[in-house]
Amino acid sequence: MSQFTTKGRITILLGKYQLTTGQRLSPRRLAQLADVPKDFVYRLDSGTARYVDLQALARLCRVLDCRVEDILVWHNGQAETPTPHYEAETG
């Protein structure tokens, strides 16, 4: 079954935020900066959000400097296989 998941994505993005800015950002503080309910942030991170407010998601992305697809991940129900990366031949 295909579905979106958000489980653990906020935690990962908070870690990336800390690496790039040197500042720790808690889920609660993220919610304050993005002007979204803290429960929304916790539900997204736990993967239990029943619906996603797209405007709230956009505000989270603005604070975290990320894209929507960094938070919403599509799983098509099949085991993921790595996509081969081919470089263009020169010469």
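The values are calculated or read from the model by the stated rules, or taken from the named source; none is laboratory data. Since the model is a prediction, treat every value here as computed from it, not as a measurement. For neighbour counting, all protein chains shown are included, and Cβ atoms are generated from backbone atoms with ideal geometry for every residue, glycine included.
Going by the conditions given, is Arg43 surrounded by 14 or more Cβ atoms within 10 Å (Cβ to Cβ), under 24 Å from Asn76 (Cβ atoms), of a type outside the set (S, T, N, Q) and out of contact with any helix residue (DSSP H, G or I) (no Cβ under 6 Å at 6 or more places or on another chain)?
Yes.
If I ask for residues that are outside any loop (DSSP other than H, G, I, E, B) and not basic (Lys, Arg), which ones from segment 5-15 would you list? Explain how you work it out, then say what you get.
First, the residues of segment 5-15 that are outside any loop (DSSP other than H, G, I, E, B): 5, 9-15.
Of everything in segment 5-15, those that are outside any loop (DSSP other than H, G, I, E, B) and not basic (Lys, Arg) turn out to be Thr5, Ile10, Thr11, Ile12, Leu13, Leu14, Gly15.
Can you tell me which residue among Ala56, Ala88 is at pLDDT 90 or above and on the phi < 0 side of the Ramachandran plot?
Ala56
With among the polar types (S, T, N, Q) and in a loop (DSSP other than H, G, I, E, B) as the only criterion, which of Gln18, Gln23, Gln55 stands out?
Going through Gln18, Gln23, Gln55 in turn, the sole match is Gln23.
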